[in-house]
Amino acid sequence: MRRWIAPLLAGILAMSAFAAEAEIKIGFVNAPRVMNDSPQAAKAKKKLEKEFEKRNQDLQKMSKQLQSLQESLEKNGVTMAETERHNKEREFGDLNRDFQRKQREFREDLNLRQNEEMATIYDRVNKVIKQIAEAEKYDLILQEAVYVSPRIDITEKVIKALAESKEASK
């Protein structure tokens, strides 16, 4: 067993001496900034707004209807006949349940579509980062850190490369 220790230590020492001589090139990318500032993210946001615009408007109309019904019940409920008040309360309850359901479905669908769009953008961002890393011979590129020197921050390069890509102009 001791025969292995000497060659192993010699190998470790040789590797550490080589590593000390070789420069390691490290970069950093601020992923949230890339996701906010890239043309692909802006395009995805506009696409989602357009896709969900009608449903959002329908929900706003329903909300106004609910508010109007509630105000009517509060204002006139005391003077209404019992059956009329009961019908209005049932109408309000039915509309409120429908509104809650549609609002929940809207949020779920919107979150699902946002996640789909973001996954596509993340894939593209990662490809661009890899291209930059290979072209400029980076050994390591980080996306999270407690502190980053501006000297190693390549976020602007990534955003610029995304803006220049053919996908940004589509």
Checklist entry - Mind checking which residues of the stretch 66-78 are assigned to a helix (DSSP H, G or I), open to solvent by 100 Å² or more (accessible area, probe 1.4 Å) and not basic (Lys, Arg)? => result Gln67, Glu71, Glu74
Checklist entry - When you go through (1) touching a residue at least 60 places away in the same chain (Cβ under 8 Å); (2) open to solvent by 90 Å² or more (accessible area, probe 1.4 Å); (3) of a type in the set (Val, Ile, Thr) one by one for Val125, which number turns out not to apply? => result (2)
Checklist outcome for this item: When the stretch 21-46 is checked residue by residue, the ones that are farther than 16 Å from Pro150 by Cα, polar (S, T, N, Q) and surrounded by 16 or more Cβ atoms within 10 Å (Cβ to Cβ) are Ser38, Gln40
Checklist entry - Which one of these does Glu156 not meet: (1) surrounded by 13 or more Cβ atoms within 10 Å (Cβ to Cβ); (2) free of Cβ contacts under 8 Å to residues at least 12 places away in the same chain; (3) outside any helix (DSSP H, G or I)? => result (3)
Checklist entry - Residues Ala163, Ala145, Ala119, Ala133: which one is touching a Pro at 6+ places or on another chain (Cβ under 6 Å) and either in a helix (DSSP H, G or I) or open to solvent by less than 80 Å² (accessible area, probe 1.4 Å) (or both)? => result Ala163
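The values are calculated or read from the model by the stated rules, or taken from the named source; none is laboratory data. All figures in this text were calculated on a predicted structure; none of them were measured in a lab. All Cβ positions, even for glycine, are placed from backbone atoms using ideal geometry, and neighbour counts span all protein chains on display. Remember, those area values only see protein heavy atoms, side chains included, never the ligands or the DNA or RNA. Shrake-Rupley method; radii C 1.70, N 1.55, O 1.52, S 1.80 Å.
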